[in-house]
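Peer 1: This structure is in structure tokens; I'll ask about it shortly.
The values are calculated or read from the model by the stated rules, or taken from the named source; none is laboratory data. No experiment lies behind these values; they were computed from the predicted model shown. Neighbour counts run over all protein chains shown; Cβ positions are idealised from the backbone, glycine included. Please note that ligands, DNA and RNA were not included when accessible areas were found on the heavy atoms of the full protein model with its side chains. Shrake-Rupley method; radii C 1.70, N 1.55, O 1.52, S 1.80 Å.
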Amino acid sequence: MQSTTTSQSEGVGKRAVRGTFWSFLSYTSGRLVTFVTTLILARLLAPAEFGVIAYCTLVIAYLDLLNNFGVGHALIARRDRLEEAQNAAFVVSIGSSVFLYAGAWIAAPSIAVFFNEPQVTPLLRVLSLGLLLVGIGTVPMAMLQRDLRFKAYLLPGIVRNIIKAVVAISMAWQGFGVWSLVVSELVNKVLEVIIPWLIVRWRPTRAFDPQVMREMLGYGVHIMGVSLVGSFMVNVDYLLVGRLLGAAALGYYTMAFRIPELVIRSVSQIVSTVAFPVLAHTQSDPAKTHDMYFAYLRYMALVTFPAGVGLALLSPALVQVFFAEVWRPMTAPMQFIAIASAFSIVSYLSGIIYNAIGRPDLTFKLSLAKLPIVVLVLSIGTFWNITGVAAGHVALTLVCMALDLVMIRRVTGVRLMGVWHAVRPALLGAGVMAAVVGALDAMLTGAPIVQLAALPPIGALVYLGTIWIAGREMFLEARSVLRGSLARG
């Protein structure tokens, strides 16, 4: 019996590494295409145009969280009566998407008045078509994630991102302005729905059980509540900047956030996509759950800590080389956001664990506790323009991290000392790298191209060298796990 359990645990572990690997390739390739596209569009579109579309995407992002009442997450965590669960999720998703699309169409003029931007009305009504598409694609995408079939999505995902980029750039080049962003996003949504349906080849059946639907909605309501509060927390800065500082300021702030998001937060997104179904598999084994949590935390920190510190140091040179002079105000906000994004992974991973063990209510309660703190800090930050708002994120990251660590220790028994041991190598390496790269950066002031060419490889060597000296066994362990998990047979 013990050997069977061990074999199953190893199987989940290998699938986790494979899933992370293929998800990493798919997501980073897409992020690379998006990064290049963003640089090109920043030359073709004005900051205010990015700000106007940000008004609309802010509303769409919030409505998206209501777009299936959390049944997508419920389907990923589900382990029995899957046919009935898939049918229930499909019915809920379609119904909610139609309802939300109608609501967005009706509310668009009022939202335009709130932001004092008339263009919001037609833009939001067209973008809201994506809500219908998301509802159609909820079930097959959840099935892919539940079964950890990330390799199958790799090539189609790359093609989808390339098509989106071509549409956006070509339309912007032809002078369509903000509509180039709208049309390219709708094209992306269409492909995002079609691809999972082609891969999974699932079709709804007549198998239906009201009890299963109630169970799915019961789980999903907690997820939806967490997502709504969490989304407000994540987007309240956009709301404050857009409402109080205007479309141009929101355009700068959106772009300042986009680069760290592409470079750093993509790691969190990758791990979230894989970690949730993996931890859901191990939820009956607390010891295995703890091991997986520390492993994810260790390797996420090894990537995000140096990426955040390095991006903060190189932001002035990056903006100077790749963006037009008009984008210079985004530099300081980008530096603060890079640091905050790097260290927010501790809180991010804690939320995944609560959902995976069937306790999304804990994330919801914590989110409610954090909400007034977030609103207060970011509201105060607006007095110092977008730089003050971005600096507020650093303070909030530290506060939220402390709250999450206290809660996760009480609920799951995860040792705080274990968290420290997991992140210590990355913290040490990032600190040494910051000292060396910061000194060299000061010496090379005025030569941004040289800074971007020389400092990243030097920083990587210093960081890896520090990690090797401080804990070379981690390299050997990671290499062994990666080789064993990706090997055929």
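Peer 1: What are the residues in region 76-90 that are open to solvent by 40 Å² or more (accessible area, probe 1.4 Å) and touching a Pro at 6+ places or on another chain (Cβ under 9 Å), if any?
Peer 2: Phe90
Peer 1: Please verify whether region 296-309 includes one or more residues that are assigned to a helix (DSSP H, G or I), at pLDDT 85 or above and within 17 Å of Ala332 (Cβ to Cβ).
Peer 2: Within region 296-309, one or more residues are assigned to a helix (DSSP H, G or I), at pLDDT 85 or above and within 17 Å of Ala332 (Cβ to Cβ).
Peer 1: With respect to the numbered conditions (1) at pLDDT 95 or above; (2) under 15 Å from Val190 (Cβ atoms), which one is the sole condition not fulfilled by Pro109?
Peer 2: Just one mismatch for Pro109, condition (2).
Peer 1: Now, a different point. From the list Gly392, Gly381, which residue is surrounded by 15 or more Cβ atoms within 10 Å (Cβ to Cβ) and within 20 Å of the chain's Cα centre (by Cα)?
Peer 2: Numbers: Gly381 fails: within 20 Å of the chain's Cα centre (by Cα).
Of Gly392, Gly381, the one residue that is surrounded by 15 or more Cβ atoms within 10 Å (Cβ to Cβ) and within 20 Å of the chain's Cα centre (by Cα) is Gly392.
Peer 1: Among the numbered conditions (1) at pLDDT below 75; (2) of a type outside the set (S, T, N, Q); (3) in contact with a Ser or Thr (Cβ under 7 Å, 6 or more places away or on another chain), tell me where Ile76 comes up short.
Peer 2: (3) is the only condition that Ile76 fails.
Peer 1: Hey, another quick one. What number goes with the only condition from (1) among the β-branched types (Val, Ile, Thr); (2) farther than 24 Å from Tyr101 by Cβ; (3) touching a Leu at 6+ places or on another chain (Cβ under 8 Å) that Val182 does not pass?
Peer 2: All conditions pass for Val182, except number (2).
Peer 1: The conditions are (1) in contact with a Phe, Trp or Tyr (Cβ under 8 Å, 6 or more places away or on another chain); (2) open to solvent by 40 Å² or more (accessible area, probe 1.4 Å); (3) at pLDDT 80 or above, and Arg203 fails exactly one of them. Which is it?
Peer 2: Here Arg203 meets the rest and fails (1).
Peer 1: In the list Gln320, Gln335, which residue meets the criterion of being touching a Pro at 6+ places or on another chain (Cβ under 6 Å) and open to solvent by 50 Å² or more (accessible area, probe 1.4 Å)?
Peer 2: Numbers: Gln335 fails: touching a Pro at 6+ places or on another chain (Cβ under 6 Å).
Selected residue: Gln320, the only one of Gln320, Gln335 that is touching a Pro at 6+ places or on another chain (Cβ under 6 Å) and open to solvent by 50 Å² or more (accessible area, probe 1.4 Å).
Peer 1: Go through (1) open to solvent by less than 30 Å² (accessible area, probe 1.4 Å); (2) farther than 30 Å from Val462 by Cα; (3) touching a Gly at 6+ places or on another chain (Cβ under 8 Å) for Ala342 and report which single condition fails.
Peer 2: Just one mismatch for Ala342, condition (2).
Peer 1: In region 130-148, which residue that is open to solvent by less than 40 Å² (accessible area, probe 1.4 Å) and β-branched (Val, Ile, Thr) is nearest to Val178 (Cα to Cα)?
Peer 2: For region 130-148, the residue satisfying everything is Val134.
Peer 1: Pull up region 169-192, narrow it to residues that are of a type in the set (Val, Ile, Thr) and open to solvent by less than 20 Å² (accessible area, probe 1.4 Å), then point me to the one that is farthest from Leu133 (Cα to Cα).
Peer 2: Step one: of region 169-192, the residues of a type in the set (Val, Ile, Thr) are 169, 178, 182-183, 187, 190.
Of the ones still in play, those that are also open to solvent by less than 20 Å² (accessible area, probe 1.4 Å) are 178, 182.
Working: Val178: 21, Val182: 14 Å.
If we take residues in region 169-192 being of a type in the set (Val, Ile, Thr) and open to solvent by less than 20 Å² (accessible area, probe 1.4 Å), then Val178 is farthest from Leu133 (Cα to Cα).
Peer 1: For region 67-75, state whether one or more residues are within 28 Å of Phe364 (Cβ to Cβ), of a type in the set (Phe, Trp, Tyr) and either crowded, with 17+ Cβ neighbours inside 10 Å or without any contact (Cβ under 8 Å) to a residue 40 or more places away in the chain (or both). Give the derivation first.
Peer 2: Our first condition is that a residue be within 28 Å of Phe364 (Cβ to Cβ); within region 67-75, this holds for 67-75.
Now restrict to residues that are of a type in the set (Phe, Trp, Tyr): 69.
Checking which are either crowded, with 17+ Cβ neighbours inside 10 Å or without any contact (Cβ under 8 Å) to a residue 40 or more places away in the chain (or both) leaves us with 69.
Checked against the condition, which is being within 28 Å of Phe364 (Cβ to Cβ), of a type in the set (Phe, Trp, Tyr) and either crowded, with 17+ Cβ neighbours inside 10 Å or without any contact (Cβ under 8 Å) to a residue 40 or more places away in the chain (or both), region 67-75 yields at least one hit.
Peer 1: Can you say whether Met233 is part of a helix (DSSP H, G or I), open to solvent by less than 10 Å² (accessible area, probe 1.4 Å) and at pLDDT 75 or above, as far as the supplied structure shows? Can you show your working first?
Peer 2: On the way: part of a helix (DSSP H, G or I): yes; open to solvent by less than 10 Å² (accessible area, probe 1.4 Å): no; at pLDDT 75 or above: yes.
Criteria not met by Met233.
Peer 1: What pairs come out if I take residues in region 400-416 that are in contact (Cβ under 8 Å) with a residue 24 or more places away in the chain and pair them with residues that are among the charged types (D, E, K, R) and assigned to a helix (DSSP H, G or I) whose C-beta lies under 7 Å away, six or more apart or interchain?
Peer 2: Cys400/Lys370; Leu403/Lys370
Peer 1: Now a separate question. Is it the case that region 43-58 has a residue that's modelled with pLDDT under 85 and open to solvent by 30 Å² or more (accessible area, probe 1.4 Å)? Steps first, answer last, please.
Peer 2: At the first step, the residues of region 43-58 found to be modelled with pLDDT under 85 are none.
No - not one qualifying residue is present in region 43-58.
Peer 1: I'd like to check something: does region 263-283 contain any residue that is within 14 Å of Ser341 (Cβ to Cβ), open to solvent by 30 Å² or more (accessible area, probe 1.4 Å) and modelled with pLDDT of 65 or more?
Peer 2: yes
Conditions tested, residue by residue: (1) in contact (Cβ under 8 Å) with a residue 60 or more places away in the chain; (2) at positive phi; (3) in a helix (DSSP H, G or I); (4) touching a Cys at 6+ places or on another chain (Cβ under 9 Å).
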| site | (1), (2), (3), (4) |
| --- | --- |
| Gln86 | yes, no, yes, no |
| Gly95 | no, no, yes, no |
| Tyr101 | no, no, yes, no |
| Ile106 | no, no, yes, no |
| Phe114 | yes, no, yes, no |
| Pro118 | no, no, no, no |
| Pro122 | no, no, yes, no |
| Leu131 | yes, no, yes, no |
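Peer 1: While we're on this one: Among residues belonging to region 395-410 that are surrounded by fewer than 22 Cβ atoms within 10 Å (Cβ to Cβ) and among the β-branched types (Val, Ile, Thr), point out the one that is farthest from Ile373 (Cα to Cα).
Peer 2: Among them, the one singled out is Val406.
Peer 1: Just name the residue that is farthest from Leu58 (Cα to Cα) out of those in region 91-129 that are open to solvent by less than 70 Å² (accessible area, probe 1.4 Å) and of a type in the set (Phe, Trp, Tyr).
Peer 2: Restricting to residues being open to solvent by less than 70 Å² (accessible area, probe 1.4 Å) and of a type in the set (Phe, Trp, Tyr), the top hit is Tyr101.
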